[in-house]
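A.B. asks: Take this structure, written in structure tokens, and hold onto it; I'll ask about it next.
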Amino acid sequence: VSALNDSFKFETQRASSIVSNGKKKVWRVITRSGRTIEATANHPFRTFEGWSHLNSLKKGTRIAVPRILHYTPTKRITRAQARALGYLLSEGNLCHPSGIYFYSKSELEIKDFCNATKGFSNVQCTIDRSKPAIAVYVRKKDLREDNGLFKWCKSLGILGKKAIEKNIPPMLFSVTRAQLAECIGTMWQGDGCIFPKKDGQIFYATSSKQLVEDLQHLLLRFGIISTIYTKKFRYRGGYKIGYTLNISRYTNIELFAKWIGPYLIGTKKKMLAEMV
């Protein structure tokens with residue numbers, strides 16, 4: 001498990017034992033940055049006054065969260081895998097029984113995604129421009145062989161998930177920072193926004209709570225602090241819940257430009273350049 005040492009730095013430690021305390025009431029703590037944790041009344045939190053139990057916390061109490069998460073990568077993926085996965089997590093349809101769909105209004109993104117699929121075996125892109133959002137269907141080139149991209153996505157456990165169910169696959173938590181940054185960069189191409197005017201703001205929008213929480217955690221690998229907001233928006237005569245992950249303040253924007261910026265393309269890359 002990850003735990004704080006005597007210098008208040010994270011380190012990996014082995015649990016000495018597991019103890020069952022029976023059934024107890026739990027509360028949900030929600031931080032200003034959008035993080036949540038469910039814990040019992042005597043769960044300790046680090047505050048300015050020292051360690052404090054949950055039942056002594058009040059609205060506005062400041063509790064400690066990591067500024068950066070250091071880790072040791074144990075896996076590697078190719079550039080093609082990083083870029084294809086980022087696009088599919090943002091604008092991919094992963095519910096087709098035998099192929100993969102990707103949608104975008106940008107010809108540059110369509111080209112970039114199709115180039116990424118070339119890193120997989122036995123795939124062929126069919127492009128449909130009949131609607132405002134261009135559709136790319138990644139199908140088998142040889143019907144007798146497996147679709148390499150489809151097979152890889154299946155191994156990651158992301159197939160069959162609707163937009164509200166998407167999550168960042170566990171494997172991505174173990175790759176190098178450069179590979180992680182490239183994947184996040186292509187995610188931002190799909191569902192990310194960059195506004196260089198006024199104070200400047202960068203945000204990512206999604207209908208999946210799990211995906212936005214995963215992304216907030218992974219950004220801490222680069223020292224990028226972000227805030228999650230819950231939004232309600234009109235959809236087909238009713239309302240849907242969505243989430244935005246916002247990055248603001250110069251240090252965070254500068255780190256985003258340093259790590260994620262090199263993997264952006266087109267307009268988003270130009271807008272980010274105006275901010276730093």
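The values are calculated or read from the model by the stated rules, or taken from the named source; none is laboratory data. Being a predicted model, the structure only gives us computed values, none of them experimental. Positions of Cβ are generated from backbone atoms using ideal geometry, with glycine treated the same way; all protein chains shown enter the neighbour counts. We work out accessible area using only protein heavy atoms, side chains counted, and drop any ligands, DNA or RNA first. Shrake-Rupley method; radii C 1.70, N 1.55, O 1.52, S 1.80 Å.
A.B. asks: Could you point to the residue in I37, F113, S98 farthest towards the positive end of segment 1-119's charge dipole, with +1 and -1 charges on the Cβ of Lys/Arg and Asp/Glu respectively?
C.D. replies: The one lying farthest along the dipole's positive direction is I37.
A.B. asks: According to the square roots a ≥ b ≥ c of the eigenvalues of the Cα gyration tensor, what is the shape class of segment 65-157, taking rounded for a/c under 1.5, prolate for a/b larger than b/c otherwise, and oblate for the remainder?
C.D. replies: Details: a/c = 2.20, a/b = 1.43, b/c = 1.54.
Oblate.
A.B. asks: Which pairs break 19 Å Cα to Cα here: K166/K240; K75/K268; K232/K268?
C.D. replies: Details: K166/K240 16 Å; K75/K268 29 Å; K232/K268 25 Å.
Listed pairs above 19 Å: K75/K268; K232/K268.
A.B. asks: Which entries of K58/K231; K197/K270; K111/K209 show an alpha-carbon separation above 21 angstrom in the structure shown?
C.D. replies: Details: K58/K231 25 Å; K197/K270 13 Å; K111/K209 29 Å.
K58/K231; K111/K209, as the Cα separations exceed 21 Å there.
A.B. asks: Stretch K162-T230 to full length: gain in nm at 0.36 nm per residue minus the Cα-Cα span? Show your work: numbers first, answer last.
C.D. replies: On the way: separation 68, 0.36 × 68 = 24.48 nm, distance 1.88 nm.
My answer for the length gained is 22.6 nm.
A.B. asks: For the chain, modelled as a Gaussian network with Cα springs under 10 Å, which listed residue fluctuates most, R62, R236, R139?
C.D. replies: Highest fluctuation among the options: R236.
A.B. asks: Determine the per residue accessible area of the chain with all protein chains present and a 1.4 angstrom probe, expressed in square angstrom. List each step's numbers first, then the result.
C.D. replies: Details: 16810 Å² over 276 residues.
Accessible area per residue: 61 Å².
A.B. asks: Estimate the FRET efficiency between V26 and N5 by the formula 1/(1 + (r/R0)^6), using the beta-carbon distance for r and 30 Å for R0, to the nearest 0.05. It would help to have the intermediate numbers written out before the result.
C.D. replies: Numbers: r = 27 Å, r/R0 = 0.89.
E(calc), rounded to 0.05, equals 0.65.
A.B. asks: While we're looking at this one, here's another question. Ignoring ligands, DNA and RNA, what percent of the accessible area of segment 99-169 is carbon or sulfur (1.4 Å)? Let's see the in-between values first.
C.D. replies: Working: 2090 of 4050 Å².
Carbon and sulfur atoms account for 52 percent of the accessible area of segment 99-169.
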